[in-house]
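J.: Here it is: the structure, laid out below.
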Ligand code: UN1
């Protein structure tokens, strides 16, 4: 373990507050990072006080004045170097993600790969922050739009993707000319410290002023400061719907911009025309990968009645093959939940499901004994349910998969849409009509709709996010960068007349 930490020059006790290469002697509450892998405390990080927070915002505001003047392709060059540094540290950072958060080593590496990919994407983008030109209705006028840097971007990230979500936001924000203040999850502060070290070193080597890359570790309070702070035009928050509603309300009350990426309740429709063997992999990975702790995790399977029993048997058999244990051991498919509180929520969800009439075809439970000392390892479970159960309508961040039967495709789509969340969705079918119906305006209401792919594991090139209680925000690829900039429409008159728009005459 020590090797993992020394790789990033992290001491046993460290400040969690930084404006770049400078670490403030943060005087807030200590946060103990404890690994769900073995239950051991890894290190203690001190969180930000209000005074520390204000000092960081002050520094960030000053830095914005300089950073926004850098040509975007030069900002892109710095981000390119961050991508290179991440390539160098991929192995160590991936292991730290796996150890601190508990996801499998492969997924830890995969998460760092997502960071590298978004750096590459952002570098390209740094030469493509395009506006449009429009034809003016007035003679001798030119009209166009341009995109300017916005200011300070506040980034609130969750424990489940402790580093990738920060990178989706920060790499785009940086090429757009913004400066970033990151509040990582208090459950995974060390991975944040590691990223801060990596990025800040690159910024410093390029002569970028302190304040462009800031970290404020802390609890809920720090998130509230960011949300209410009029000095921060954009707050991007990833996490629970409960948290998002609070952040959205606080940011909205001051008419700031909130980019919300919240809970999902993602379903896969298994059609009568599905390739069942292929579907099985997508469903099982979607449900048990990251121990069901992705916002894109598969929570519900909506299965056609004609293949229901066959597919259920395949699932039950597949679950028997699952190896649960130390995620750093690549033989294991499923690691631990993040902490014992998450285990309690998993157990409560199972009880609620049973109370509502759910029938478990694969029983859950907490694992005990050698290798499971942290108390965070649970058995992935499968229950047959009704879509209307309150527990099924709710996102439980754990590997519990619900099975629902359907007869017609319209019914399947209605069931898929019949939850408050709208992040990711999928249909497994070889039937073109069904696939197109699912993707049509009368189909899935989610931000992500896939055919013959599961609900999780989105690539960075597409816009990531969803509708309804998922919050409506879009991060990462496509034109998500526009959220990090302000649009300005410019009209220029190069004549000696002053014609008014809409043909209005105004003579003196
Ligand atoms: C999340 O769980 O917050 O699509 C993000 C996926 C990942 C991102 C998940 N690329 O599963």
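J.: Can you go through 294, 254 and tell me which one is within 13 Å of the ligand (Cβ to nearest atom), on the phi < 0 side of the Ramachandran plot and out of contact with any strand residue (DSSP E or B) (no Cβ under 8 Å at 6 or more places or on another chain)?
T.: Only one candidate qualifies: 294.
J.: Does residue 211 count as under 18 Å from residue 58 (Cα atoms) and outside any strand (DSSP E or B)?
T.: Taking the combined requirement at face value, the residue satisfies it.
J.: Something else about it: Restricting the range 417-427 to residues that are away from the ligand (no atom under 16 Å from the Cβ), more than 16 Å from residue 287 (Cα to Cα) and touching a residue at least 40 places away in the same chain (Cβ under 8 Å), which is surrounded by the most Cβ atoms within 10 Å (Cβ to Cβ)?
T.: Top of the filtered list is 419.
J.: Only one of these conditions is not met by residue 499: (1) within 16 Å of the ligand (Cβ to nearest atom); (2) not in a strand (DSSP E or B). Which number is it?
T.: For residue 499, the exception is condition (1).
Listed here are the residues, each with its yes/no results for (1) surrounded by 21 or more Cβ atoms within 10 Å (Cβ to Cβ); (2) within 14 Å of the ligand (Cβ to nearest atom).
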site: 265; (1), (2): yes, yes
site: 279; (1), (2): yes, no
site: 299; (1), (2): yes, yes
site: 317; (1), (2): no, no
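J.: Another question about this same structure. Those residues that are without any contact (Cβ under 8 Å) to a residue 12 or more places away in the chain and within 16 Å of the ligand (Cβ to nearest atom), I need them from the range 218-251; list them, please.
T.: Matches in the range 218-251: 242 only.
J.: Here are some conditions: (1) under 16 Å from residue 297 (Cα atoms); (2) part of a loop (DSSP other than H, G, I, E, B); (3) within 12 Å of the ligand (Cβ to nearest atom); (4) touching a strand residue (DSSP E or B) at 6+ places or on another chain (Cβ under 8 Å). Residue 460 meets all but one. Which one does it not meet?
T.: Every condition holds for residue 460 apart from (1).
J.: For residue 465, are the conditions met, namely being surrounded by 14 or more Cβ atoms within 10 Å (Cβ to Cβ), free of Cβ contacts under 8 Å to residues at least 60 places away in the same chain, within 14 Å of the ligand (Cβ to nearest atom) and under 30 Å from residue 147 (Cβ atoms)?
T.: Spelling it out, it is not the case that residue 465 is surrounded by 14 or more Cβ atoms within 10 Å (Cβ to Cβ), free of Cβ contacts under 8 Å to residues at least 60 places away in the same chain, within 14 Å of the ligand (Cβ to nearest atom) and under 30 Å from residue 147 (Cβ atoms).
J.: Does at least one position in the range 436-452 carry a residue that is in a strand (DSSP E or B), on the phi > 0 side of the Ramachandran plot and either away from the ligand (no atom under 12 Å from the Cβ) or surrounded by fewer than 20 Cβ atoms within 10 Å (Cβ to Cβ) (or both)?
T.: Within the range 436-452, not a single residue is in a strand (DSSP E or B), on the phi > 0 side of the Ramachandran plot and either away from the ligand (no atom under 12 Å from the Cβ) or surrounded by fewer than 20 Cβ atoms within 10 Å (Cβ to Cβ) (or both).
J.: Further question on the same structure: Quick check on residue 52: is it in a helix (DSSP H, G or I) and in contact (Cβ under 8 Å) with a residue 12 or more places away in the chain?
T.: Against the criterion (in a helix (DSSP H, G or I) and in contact (Cβ under 8 Å) with a residue 12 or more places away in the chain), residue 52 qualifies.
J.: With respect to residue 459, determine if the residue is surrounded by fewer than 12 Cβ atoms within 10 Å (Cβ to Cβ), under 26 Å from residue 164 (Cβ atoms) and modelled with pLDDT of 95 or more.
T.: Yes: the conditions hold for residue 459.
J.: Pairs please, first residue from the range 483-508 and closer than 30 Å to residue 259 by Cβ, second anywhere and part of a helix (DSSP H, G or I), Cβ atoms under 6 Å, 6+ apart in sequence or on different chains.
T.: If the second residue must be part of a helix (DSSP H, G or I), the pairs left are 484/172; 484/173.
J.: Considering only the range 189-199, I want to know if a residue exists there that is surrounded by fewer than 24 Cβ atoms within 10 Å (Cβ to Cβ) and in contact (Cβ under 8 Å) with a residue 60 or more places away in the chain.
T.: Within the range 189-199, one or more residues are surrounded by fewer than 24 Cβ atoms within 10 Å (Cβ to Cβ) and in contact (Cβ under 8 Å) with a residue 60 or more places away in the chain.
J.: Hey, can you tell me all the residues within the range 93-106 that are touching a residue at least 60 places away in the same chain (Cβ under 8 Å) and in contact with a helix residue (DSSP H, G or I) (Cβ under 6 Å, 6 or more places away or on another chain)?
T.: 93, 95, 96, 97, 98, 100, 103, 105
J.: Sticking with this structure for a sec: Among the residues that make up the range 123-130, is at least one of them buried (at least 24 other Cβ atoms within 10 Å of the Cβ) and closer than 23 Å to residue 478 by Cα?
T.: The answer is yes; a qualifying residue exists.
J.: For the range 383-403, name all the residues that are surrounded by 23 or more Cβ atoms within 10 Å (Cβ to Cβ) and assigned to a strand (DSSP E or B).
T.: 383, 400, 401, 402
J.: Within the range 139-185, which strands (runs of 3 or more DSSP E) (wholly inside it) include 2 or more residues that are within 15 Å of the ligand (Cβ to nearest atom)?
T.: Where strands (runs of 3 or more DSSP E) fall fully within the range 139-185 and carry at least 2 residues being within 15 Å of the ligand (Cβ to nearest atom), they are 152-156.
J.: Is at least one residue of the range 192-213 touching a helix residue (DSSP H, G or I) at 6+ places or on another chain (Cβ under 8 Å), under 21 Å from residue 461 (Cα atoms), at pLDDT 95 or above and assigned by TED's automatic domain parsing to the domain that holds residue 18?
T.: No, because not a single residue in the range 192-213 is touching a helix residue (DSSP H, G or I) at 6+ places or on another chain (Cβ under 8 Å), under 21 Å from residue 461 (Cα atoms), at pLDDT 95 or above and assigned by TED's automatic domain parsing to the domain that holds residue 18.
The values are calculated or read from the model by the stated rules, or taken from the named source; none is laboratory data. Note that the structure is predicted; figures quoted are calculated from it, not measured. So basically every Cβ, Gly included, is an ideal-geometry build from the backbone, and we count neighbours across all protein chains shown.
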